[in-house]
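Peer 1: Can you keep this structure in mind? I'll have questions shortly.
Rule-based calculations on the coordinates, nothing more; no lab input. Note that the structure is predicted; figures quoted are calculated from it, not measured. No Cβ is skipped: glycine too gets one built from the backbone with ideal geometry, and neighbour counts run over all protein chains shown.
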Amino acid sequence: MEIKLITDTKSQECDVFVVNMYESEKTTEEIVNKYAIEEDHFEGKFGTTYLLPTYGKQSARKILVIGFGKKEEFTPDKLRQAVAKSIKKAVQIEAKTVTFDFSGVDFDYTEQLVYGANIADYTFDKYKTKKDKKIETLYISGDLFAVEKAEKIAKAMKFTRDIANEPAQYATPQKLAELAESFGLETKVYDREDCEKMGMGAYLAVSRGSSRPPKFIHMKYSTPNPKKRIAIIGKGICFDSGGLDIKPASSMLTMKDDMSGAACVLGIMSVIKDFNPEIEVNGIIAACENMPGCSAYKPGDILTAKNGKTIEVDNTDAEGRLTLADALCYADELGVDEIIDLATLTGACMVALGTVAAGIMGNNDTLVKELIRTAEKCGERYWELPMYEEYKESLKSEFADMQNTGSRWGGASTAGLFLKEFVKNAKWAHIDIAGVAYLDKPQNEFIKGATGAGVRALLNYILAQ
Ligand code: BES
Ligand code: MN
Ligand code: ZN
């Protein structure tokens, strides 16, 4: 979808001209007021639509009225959802060109409009012989800078959604490494032997049950005299079968999504040069599969992570935190100021927060709060979970420094406490995206599948530095 900035929206030739209507208020279009409101009693309730043919009397073939609901209850989130709804409606009637003409909105909505349109126009049809219908051109009026920024972020989101929607047979550790190397950034890919030398015993243990070799990926965007140096780490389990503690079929069904954190990091790094931020950004992924092959790591194994801490394997399905442990050590040793990790880490987080909000925790309150605030402003939701010391009890092991699983209760928090053991110096935030990264069914502006969770919030966070 191409977005074109125009000044005269009314005279733009297009298939669908979208106007908004607040509940029980008139619109700017006489013809809408006459037919939709007076004749058909369209009320403008939030998310409802009314389609009006123009019979060639206007520059648009059809007018689509989108209900904005009560004016005093209207928010940027609702605007984005209304845009998405309009786009879906336009696609449904096979429109190719759409013009938006909103009035009476008292906040700057350009960014949300661009996000909403791009999110809604997305489908993953690579493997379908009959391709999905798409909008070709979107005409809007607005601020060029805001449009360009939001378009780049939307492009990163699409990249992330594509790679997370790809089946595990395609999105292998090797593939993630190749993608990382294609961005023109300073990139290192460490093989199994390199990782052995670096002492990444926890990560490598997870990788052993698969015939596909692990790839530890480090991309670096640098700038002279960076204001700050940060690392973003994405959990990169290309498929999580559970390992020897194998998952039941129904839980394994969507486990190609267990590299959604990695996909987010790749999406961000794919556009970072276009933004030229004044901070250094290290994108890190410990990619591998968690499989029950004959060399697989076993319950009871004792592993040594990069920082020397020993871990007794209590459950091979708690693999994400093992790979992240070594990735966190690696990032911390870079001497960065901040580390942010994104991981489809626990079913417990999904139980706690559902599919609308990601869980966030960390060792620095300012960083966590700032991420929550940034996420909220651009349409994501992060909810802080506690890291109470009490929960650490359950990570104790008889034979090693700790074990990799804790109590079932407060599972997202114990996973967070486990990760905390591997960050010594940096400020750190952990975002558990298990519930939000991949949807089983459509939700708001998203279709089933990958959502690109983390891309908007983290890119906006990076740009605000
Ligand atoms: N990848 C899963 C977590 C997950 C679950 C992501 C559902 C998305 C949807 C993770 O590796 C896992 O298996 N976690 C276990 C941990 C347990 C064994 C302590 C879980 O949550 O059940
Ligand atoms: Mn698992
Ligand atoms: Zn996993």
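Peer 1: What is the Cα centroid distance between the stretch 125-139 and the stretch 1-23, reported in whole angstrom?
Peer 2: 20
Peer 1: Which helices, counted as full DSSP H runs in the chain, have an axial Cα extent of no less than 15 Å and a Kyte-Doolittle average of -1.0 or above? Spell out each step's value before the answer.
Peer 2: Numbers: long enough: 76-92 (24 Å, -0.64); 110-121 (17 Å, -0.02); 144-165 (31 Å, -0.06); 260-275 (22 Å, 1.39); 320-333 (20 Å, 0.14); 365-378 (20 Å, -0.26).
In the chain, the long hydrophobic H runs are 76-92, 110-121, 144-165, 260-275, 320-333, 365-378.
Peer 1: According to the square roots a ≥ b ≥ c of the eigenvalues of the Cα gyration tensor, what is the shape class of the stretch 367-465, taking rounded for a/c under 1.5, prolate for a/b larger than b/c otherwise, and oblate for the remainder? Before the final figure, lay out the partial values.
Peer 2: Numbers: a/c = 2.75, a/b = 1.59, b/c = 1.73.
Because a/c hits 1.5 or more and a/b fails to exceed b/c, the stretch 367-465 counts as oblate.
Peer 1: What does the charge count near P173 come to, summing +1 for each Lys or Arg and -1 for each Asp or Glu among other residues with Cβ under 15 Å from its Cβ?
Peer 2: -3
Peer 1: Past the 22 Å Cα-Cα mark, which pairs from K96/K131; K158/K273; K96/K273; K26/K62? Kindly include the intermediate steps, with their values, before the conclusion.
Peer 2: Details: K96/K131 14 Å; K158/K273 17 Å; K96/K273 31 Å; K26/K62 18 Å.
Over 22 Å Cα-Cα: K96/K273.
Peer 1: Here is the link list: K152/K188; K126/K215; K85/K134; K256/K441; K134/K155. Which ones come out longer than 21 Å on Cα distance? Let's see the in-between values first.
Peer 2: Numbers: K152/K188 25 Å; K126/K215 25 Å; K85/K134 14 Å; K256/K441 16 Å; K134/K155 15 Å.
Distance filter (> 21 Å) returns K152/K188; K126/K215.
Peer 1: Kindly identify the stretch 17-92 as rounded, prolate or oblate by the Cα gyration tensor criterion: order the square roots of the eigenvalues as a ≥ b ≥ c, call it rounded if a/c is under 1.5, otherwise compare a/b with b/c, prolate if a/b is larger, else oblate.
Peer 2: Details: a/c = 2.18, a/b = 1.28, b/c = 1.70.
It comes out oblate by the Cα gyration axes.
Peer 1: Another question, if that's okay. Can you give me the long-range amide H partners of C14? Hydrogens built in the peptide plane at 1.01 Å from N, cutoff under 5 Å, separation of 5 or more residues or another chain.
Peer 2: A60, R61
Peer 1: Using unit Cβ charges (K, R positive; D, E negative) and no other charged atoms, how large, in debye to the nearest 20, is the dipole of the stretch 1-111 about its Cα centre? Don't jump to the answer; show the numbers that get you there.
Peer 2: Details: 16 positive and 20 negative charges, 74 e Å.
Dipole about the Cα centre, nearest 20: 360 debye.
Peer 1: Within the stretch 351-427, which GluC sites (Glu not before Pro) sit in a loop by DSSP and count at most 13 neighbouring Cβ atoms inside 10 Å? Numbers along the way, then the final one.
Peer 2: On the way: sites: E370, E376, E380, E384, E389, E390, E393, E398, E421; in loops: E380, E398, E421.
Passing both the DSSP loop test and the Cβ count: E398.
Peer 1: A follow-up question, please. Going by a ≥ b ≥ c, the root eigenvalues of the Cα gyration tensor, does the stretch 95-198 fall in the rounded group (a/c under 1.5), the prolate group (a/b larger than b/c) or the oblate group?
Peer 2: Numbers: a/c = 3.69, a/b = 1.86, b/c = 1.99.
In terms of gyration-tensor shape, oblate.
Peer 1: Multiplying the sequence separation of S407 and K441 by 0.36 nm and subtracting their Cα-Cα distance, what value in nm do you get? Can you show the working numbers first?
Peer 2: Values: separation 34, 0.36 × 34 = 12.24 nm, distance 2.98 nm.
Computed gain between S407 and K441 is 9.3 nm.
Peer 1: In nm, to one decimal, how far is the modelled label at T129 from the one at L51, with both set 7 Å along Cα→Cβ?
Peer 2: Roughly 2.8 nm, to one decimal.
Peer 1: Divide by every residue of the chain the summed helix terms, -39500 (n - 2.57) for each DSSP H run of at least 4, and state the resulting mean residue ellipticity at 222 nm, rounded to the nearest 500 deg cm²/dmol. Present the calculation step by step, with values, prior to reporting the outcome.
Peer 2: Numbers: 13 runs with 147 residues, N = 465.
Helix-only estimate at 222 nm: -9500 deg cm²/dmol.
Peer 1: Mind checking which aspartates and glutamates have their Cα closer than 13 Å to the Cα of K128? Skip sequence neighbours fewer than 8 apart in that chain.
Peer 2: E166
Peer 1: Explain nothing, just compute: Karplus ³J(HN,Hα) = 6.51 cos²θ - 1.76 cosθ + 1.60, θ = phi - 60°, for every residue of the stretch 218-223 in order, whole Hz, x for Gly and Pro.
Peer 2: 10, 9, 9, 9, 10, 8
Peer 1: Is there a quick way to get the dipole size of the chain? I mean about its Cα centre, with the Cβ of Lys and Arg at +1 and of Asp and Glu at -1; what is the value in debye to the nearest 20? Before the final figure, lay out the partial values.
Peer 2: Details: 59 positive and 69 negative charges, 176 e Å.
It works out to roughly 840 debye.
Peer 1: Where the centroid of each part is defined by its Cα atoms, how far is the stretch 275-326 from the stretch 189-219 in Å?
Peer 2: For the stretch 275-326 versus the stretch 189-219, the Cα centre distance is 9 Å.
Peer 1: Continuing with the same structure: Which length gain, in nm to one decimal place, applies between K396 and K70 when the Cα-Cα distance is subtracted from 0.36 nm times their residue separation? Walk me through the numbers before you get to the answer.
Peer 2: On the way: separation 326, 0.36 × 326 = 117.36 nm, distance 5.35 nm.
Gain on stretching K396 to K70: 112.0 nm.
Peer 1: Once both labels are modelled 7 Å past Cα along the beta-carbon direction, what's the N364-E333 spacing in nm?
Peer 2: Between N364 and E333, the simple spin-label model gives 2.1 nm.
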